[in-house]
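So the structure is just underneath, and the comments pick up after that.
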Amino acid sequence: MIPEFLLRALLASIMVSVLLGLLSPIINTKGLAFLTHALFHALLFGAVLGMILALLLNNYGLVLITALLITTLLVILIAQLEKMGFTSDSAVGIVSSFVAGLTVLGFGVLYKVMATRPYFPLTQNIVSYLTGDIFLVTLNDLTILIVGGAVVFFVLLFLYRDFLYLSFDPEGVESYGGNARAYLMILYVLVGVIGALIVQTVGLITLQVVAILPGAIALMVSSDLKKVLAISLLLTLAVQLSSVVLAFFTAIPPSGIATIILGFVYGGLLFRR
């Protein structure tokens, strides 16, 4: 019989695979790799702030909620800076620098709060956010991931064609009456929300890799967008599920296994060229 924690891990992996499999090609075609770097800072700052609030209010569910809100607000800020005329790299760099400083200050406050309150329940949150140990996903975490992921999935699926047009021809989107900046804002928000939803299963340390490499590998294999999407989805699903199974037998964090597998696949394709 399959242990309950393994079943939760497998279900979470399927949802993560669907979200990342759809998002990764857009990240690569739109050139949002640097945005995922900013996402790392935003999620870490949101998690630290959430842990502080969790200790003060004795509600550990605030960690995910706070991380989601902070990340969403920061990606909206990046989109607004681009709307003001800053380049994408400049906007990300400005926000990331301030968030990095706030994160360091946040850790200082967190240590002081931890010294005055019992913080053992936070151990699971800290490990999950950094290493993405999917075996620590609770039933509540899984419910949030599935419900939130389903909402994001349908929004992403509904606007997917528009996002692809935005990646290749933003001027063409405007010429046909579309609002390229509005689509960009929505895309940034979706990236932030997806990052916040999956960070406990993927981990901050490996988030950028698993968000970028599946789409990059798919684009190396094919130039047909339908095939790229199919390859990205199947590759992400295969890697996520296999990493969970291997981690179950080896006691190695699955996020590390997934990253190594993707690295080998990407490196192998590069050497073949």
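The values are calculated or read from the model by the stated rules, or taken from the named source; none is laboratory data. Quick caveat: nothing in here was measured; it's all calculated off a predicted structure. Reconstructed Cβ throughout: ideal geometry from the backbone, glycine too, with neighbour counts over all protein chains shown. Surface areas here come from the heavy atoms of the whole protein model, side chains and all, with no ligands, DNA or RNA. Shrake-Rupley method; radii C 1.70, N 1.55, O 1.52, S 1.80 Å.
Before anything else, pin down the relative contact order of the chain: Cα pairs under 8 Å, at least 6 apart, normalised by residue count, whole percent.
Worked out over the chain, it gives 32 percent.
Measuring from label point to label point, each 7 Å out along Cα→Cβ, what is the residue 56 to residue 113 span in nm?
Output for this residue pair reads 0.6 nm.
Helix by helix through the chain, keep the DSSP H runs that span 15 Å or more along the axis on Cα and average at least 1.0 on Kyte-Doolittle, and give those back in order.
Membrane-span-like by this criterion, though nothing is claimed about a membrane: 4-30, 33-57, 62-83, 88-116, 139-158, 180-202, 207-221, 225-250, 254-272.
Which FRET efficiency, nearest 0.05, do residue 146 and residue 76 yield, Cβ-Cβ r, R0 25 Å?
Numbers: r = 25 Å, r/R0 = 1.00.
That gives a FRET efficiency of 0.50.
Go ahead and estimate [θ] at 222 nm for the chain from helices alone: -39,500 (n - 2.57) per DSSP H run with n ≥ 4, summed, over the residue count, rounded to 500.
Values: 12 runs with 231 residues, N = 273.
Here the helix-only value at 222 nm equals -29000 deg cm²/dmol.
Can you divide the C-alpha Rg of the range 7-149 by 2.2 N^0.38 Å and report the result to two decimal places?
Computed over Cα atoms of the range 7-149, the ratio equals 1.13.
Please calculate how many Å² of accessible area the chain carries per residue, with a 1.4 Å probe and no DNA, RNA or ligand atoms counted.
Ligands and nucleic acids excluded, the result is 48 Å² per residue.
Which of the lysines could a cross-linker span from residue 226 if the Cα-Cα distance has to be under 29 Å and same-chain partners fewer than 8 positions apart are dropped?
List returned: 30.
Anyone know which of 141, 133, 224 comes out most mobile in the 10 Å Cα GNM of the chain?
224
Mind checking the full-extension length gain between residue 264 and residue 250? Use 0.36 nm per residue of separation minus the Cα-Cα distance, one decimal, nm.
So the chain would gain 3.1 nm between residue 264 and residue 250.
Taking R0 as 35 Å, what's the FRET efficiency between residue 102 and residue 230 from their Cβ-Cβ distance, rounded to 0.05? Please list the in-between numbers first.
Details: r = 40 Å, r/R0 = 1.15.
With a Förster radius of 35 Å, E is 0.30.
So how exposed is residue 160, as accessible area in Å² (1.4 Å probe, rounded to 10)?
For residue 160, solvent-accessible area is about 20 Å².
Using a 1.4 angstrom probe with every protein chain in place, what is the largest-first accessible-area order of 144, 2, 134, 205?
So, going from the largest accessible area down, we get 205, 2, 144, 134.
Can you quote the Å³ per residue value for the convex hull of the Cα atoms in the chain, rounded to an integer?
137
Quick one: ranking 242, 97, 13 by accessible area, 1.4 Å probe, largest first, what do you get? Don't jump to the answer; show the numbers that get you there.
Details: 242 45, 97 70, 13 0 Å².
The residues order as 97, 242, 13, largest area first.
Considering only protein heavy atoms, with the full assembly of protein chains and a 1.4 angstrom probe, order 272, 117, 161, 181 by accessible area, largest first.
Sorted by accessible area, descending: 272, 161, 181, 117.
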